[in-house]
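Written below as structure tokens is the structure these notes are about.
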Amino acid sequence: MSQQVAHWLDNLLKEIEGIEVRRKSSRRVRVDVPADALPALLELLQGRAGYIHLSAISCVDWIEDDEFELVYHVWSYESHSLVSAHIRIAREPGVYLSVYDLYQPAGFFERDIHEMYGIHFEGSPNMEKFILTEWDGPPPMRKEFDSEAYINEHLSWQEYNPEWLQELVAEGGGVIIPPEEQRFSQKKK
Amino acid sequence: MRPENYEAQRQPPSNEYELNFGPNHPGIEGNYALKVKLHGDIVLEAKADGGYLHRGFEKLMEQRLWIQNIALVPRICVPDPSPMELCYSMAVEELCGLKVPQRAQWLRVMQLELSRIAAHLFTFGGHAATTGMYSTMYWGVADRDLLLDLFEEFTGGRVYSIYNIPGGVRRELPEGFLQRLTETLDYIESRLPDYDNLFFKNQVFVKRAKGTGVMSREQALEWGVTGPNLRATGLAFDVRRDDPYLVYDQLEFDIPVEESGDAWARTLVRRKELMESIRILRQVVEILPDIHGPIRAPIPNPLAWNVPAGETYTRVESSKGELCYYVVSNGGPKPYRVHVRGPSSMHAVQVLEKMSVGSRIEDIAQTMFSLDACPPEVDR
């Protein structure tokens, strides 16, 4: 990103209240905004600064702060830079707005976050289950979900000690392949 | 979409019917399904159904040490695992401020480009099979095997090489390896005219692929498509050049583009990319012997490694498009959050759904393989 573009972007972003811009490297900008200002920011970035590619929406569960962090990574094909817009929303009720109208890829990410974290995105075209079709437990990526405890509670452990394994253990375990039989020593020359 | 969850319903007489395309279907890439609504053989509606390959990588990574995850990440995408390792390693390096030695960077480029060639050969095979040309598949898989031999030799693993670790790479090259690499590259290159005759110029394929699954540049940008699929619509965007990492800015390579945006164009872009990867590897073979020094930066005891708190977003160009990792550390011995953005999460879900509508049932497989959709990346 050239100096001129960077300067212009900084000025542009000043139009939004409560914004905090941090330049992490020549191609990475971190922006923290209040949750209600995000749609305006994205609209500005997309419409006036050429950030037309939504690379991803990431969600982080900050359970100690009782908040979810949503990070919108947008890329500009013109200035070759990536802006990551961070917002925080309350863990309860865990509702936010969809940005599908601005960026169509958001449809997938919002559906994924809904499934994994239970955040509901208002206005998103499809909030149906996609990956965890037959899962009826809590959203598994939330920090309070302990997968090991869930397994111990809902599934039983099975003994697995077949004869061939016992034989192998009795022989000292493992198989030794002599060097002349190894694939590479055979193939070369 | 399991039979026990699917109840037969009495419908009023109509020419419309629903069909489950996948998950066990030769025309579908990996374990994935499309639920299609048809009128005759024209698709009226398509719904992607994933989850058959969900292994919960992101959750698993939060429960393992930073170094342990290195063995986990390549398994996210089977045909092209190397960019996964690199992307994760780059994120950890950025969080720790580790500087990767020059030699390691060149070795990483070598691994990535080999992986790209292997992935493209694999894709050609699968794609050809959708038009009934199984010979290309046998050839593609056999030639890919030669690259896997190289992987086995210099990393120890054929498919999941686990070669990158935060700070550099695990091993120095075996003696005489670059010579053997050159021989394999010469061989692959010498095979390309045969591939052209068998596949790329074969009218059976050309007539099926031309005009199938057309996507305009505007649509591609709107739908968030990246990689060869975007380049097939005429936009020369490549993370390697436009958001460079490793030593790609010191290498000479072109970014092939095609204009028509159909299955044919996408395949041609991959064919040309394969040549560019060979070109990059030749440069690596030439330059690597002159670059000496360590192959990894010293890291703390990996079993008691608290990565400084922070967050980073790293991007790599995989054979399927833009691959990104969003990694968050809270200063602990394990990642606080790892988000994997596989390129296929775009073109295997929403894009495939949109592109299937209006096409004929037999073109779904053609479209899906030409997009090079990789379901394990979507499911993670």
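The values are calculated or read from the model by the stated rules, or taken from the named source; none is laboratory data. Not measured: the values here are computed from a predicted model. Cβ: placed from backbone, ideal geometry, glycine included. Neighbour counts: every protein chain shown. Protein only, heavy atoms only, side chains kept; ligands, DNA and RNA dropped before computing areas. Shrake-Rupley method; radii C 1.70, N 1.55, O 1.52, S 1.80 Å.
Could you give me the ³J(HN,Hα) list for the stretch A:80-87, computed from phi with Karplus coefficients 6.51, -1.76, 1.60 and θ = phi - 60°, whole Hz, x at Gly and Pro?
Residue by residue, the stretch A:80-87 yields 6, 9, 10, 9, 10, 9, 9, 10 Hz.
Taking amide H positions as placed in the peptide plane 1.01 Å from N, state which residues far from B:G234 in sequence (5 or more) or on other chains have amide H under 5 Å from it.
Here the answer is B:E258, since their amide H atoms fall under 5 Å of that of B:G234.
Taking only C-alpha pairs under 8 Å that are 6+ residues apart, what is the relative contact order of chain B in percent?
26 percent
Which shape class, rounded, prolate or oblate, goes with the protein assembly as shown when its Cα gyration tensor gives a ≥ b ≥ c as root eigenvalues, a/c under 1.5 marks rounded, and past that a/b bigger than b/c marks prolate?
It is rounded, given that a/c, with a ≥ b ≥ c, falls under 1.5.
Mind checking the mean number of beta-carbon atoms from other chains within 10 Å of the Cβ atoms in A:103-111?
Average per residue, whole number: 5.
Using the heavy atoms of the protein chains alone and a 1.4 angstrom probe, what is the accessible area of the stretch B:177-268 per residue in square angstrom?
That works out to 40 Å² per residue.
Let's test the formula: R0 of 30 Å, r as the Cβ-Cβ distance of A:A149 and B:N301. What FRET efficiency results, to the nearest 0.05?
0.55
Given the peptides B:100-107, A:102-109, A:28-35, arrange them by the average over their residues of other C-beta atoms within 10 Å, most packed first.
Listed from highest to lowest mean packing, they are A:102-109, B:100-107, A:28-35.
Where does chain B land at 222 nm, in deg cm²/dmol rounded to the nearest 500, when only DSSP H runs of n ≥ 4 count, each adding -39500 (n - 2.57), divided by all residues?
Rounded to the nearest 500, the figure is -13000 deg cm²/dmol.
Between B:D149 and B:E362, what FRET efficiency comes out of the Förster formula 1/(1 + (r/R0)^6) with R0 = 60 Å and r the beta carbon distance, rounded to 0.05?
0.95
Can you work out ³J(HN,Hα) from phi for every residue in the stretch B:36-51, in order, using Karplus 6.51 cos²θ - 1.76 cosθ + 1.60 and θ = phi - 60°, giving whole Hz and x for Gly and Pro?
My calculation for the stretch B:36-51 gives 10, 10, 10, 10, x, 10, 9, 7, 9, 7, 9, 10, 6, 10, x, x Hz in order.
Rounded to two decimals, what is Rg over Rh for the stretch A:3-139 when you use alpha-carbon atoms and the Kirkwood radius?
Answer for the stretch A:3-139: 0.99.
Any idea what angle helix A:106-117 forms with the longest principal axis of chain A, computed on alpha-carbon atoms, 0 to 90 degrees, nearest 10?
60 degrees
Calculate the spin-label point distance for B:E16 paired with A:W157, positioning each point 7 Å from the Cα along the beta-carbon direction, and give it in nanometres.
For the pair A:W157/B:E16, the computed spacing is 5.3 nm.
What is the interface area between chains A and B, defined as buried accessible area summed over both chains with a 1.4 Å probe, reported in Å² to the nearest 100?
Separately minus together, A and B give about 4000 Å² buried.
Could you please state how large a percent of the accessible area of chain B is carbon and sulfur, counting protein chains only and using a 1.4 Å probe?
52 percent
Among the listed pairs B:K99/B:K320; B:K210/B:K354; B:K37/B:K320, which are separated by more than 20 Å between their Cα atoms?
Exceeds cut-off: B:K99/B:K320; B:K37/B:K320.
Can you tell me which of B:179-189, B:80-90, A:42-52 comes out highest on packing, and rank the rest after it, using the mean Cβ neighbours within 10 Å?
Taking the mean over residues of other Cβ atoms within 10 Å, the ranking is B:80-90, A:42-52, B:179-189.
Residue by residue, what Karplus-based ³J(HN,Hα) values in Hz, rounded to whole numbers, does the stretch A:21-34 have, using 6.51, -1.76 and 1.60 with θ = phi - 60° and x for Gly and Pro?
10, 10, 8, 7, 7, 5, 10, 10, 10, 9, 10, 10, 10, x
Taking all protein chains in place and a 1.4 Å probe, what share, in percent, of the accessible surface of the stretch A:58-142 do carbon and sulfur account for?
For the stretch A:58-142, the apolar C and S fraction of the accessible surface comes to 49 percent.
I want the local charge near B:V43. Using Cβ-Cβ distances under 14 Å, sum +1 for each Lys or Arg and -1 for each Asp or Glu among the other residues.
-2
Would you calculate, for chain A, the mean residue ellipticity at 222 nm contributed by helices, counting each DSSP H stretch of 4 or more residues as -39,500 (n - 2.57) and dividing by all residues, to the nearest 500?
That comes out to -8500 deg cm²/dmol.
What does the structure give for B:51-60 when I average, per residue, the other chain Cβ atoms found within 10 Å of the residue Cβ?
Per-residue shielding by partner chains comes out at 3.
Quickly rank B:342-349, A:165-172, B:251-258 as a protection proxy: mean count of other C-beta atoms within 10 Å, highest first.
Descending packing order for the listed peptides: B:342-349, B:251-258, A:165-172.
Name the shape class, rounded, prolate or oblate, that the alpha-carbon gyration tensor gives for chain B, where a ≥ b ≥ c are the square roots of its eigenvalues, rounded holds for a/c under 1.5, and otherwise prolate holds if a/b is larger than b/c and oblate otherwise.
Oblate is the answer for chain B, as a/c is 1.5 or above yet b/c matches or exceeds a/b.
Given axes a ≥ b ≥ c from the Cα gyration tensor, I'd like to know whether the stretch B:336-377 is rounded (a/c under 1.5), prolate (a/b larger than b/c) or oblate.
Prolate, because a/c is 1.5 or more and a/b exceeds b/c.
Could you work out the mean count of beta carbons from other protein chains within 10 Å of each residue's beta carbon in A:50-63?
Across the residues of A:50-63, the mean count of other-chain Cβ atoms within 10 Å is 5.
Kindly state, to the nearest 0.05, the FRET efficiency for A:A35 paired with B:R64, given R0 = 41 Å and r defined as their beta-carbon distance.
In this case the efficiency is close to 0.80.
Rounded to the nearest Å, what's the spacing between the alpha carbon centres of the stretch B:74-137 and the stretch B:323-380? Just the number, please.
After rounding, the separation between the Cα centres reads 15 Å.
Which one of A:Y117, A:I57, A:L97 is farthest out on the positive end of the charge dipole of the stretch A:1-130, using unit charges on Cβ (Lys, Arg +1; Asp, Glu -1) and the Cα centre as origin?
Farthest along the dipole direction, towards plus: A:I57.
Name the residues whose placed amide hydrogens come within less than 5 Å of the amide hydrogen of A:H53, ignoring near sequence neighbours (fewer than 5 apart) on the same chain.
A:W75, A:Y77
Dipole size in debye (nearest 20) for chain B around its Cα centre, Lys and Arg Cβ +1, Asp and Glu Cβ -1?
Charge dipole of chain B: 600 debye, to the nearest 20.
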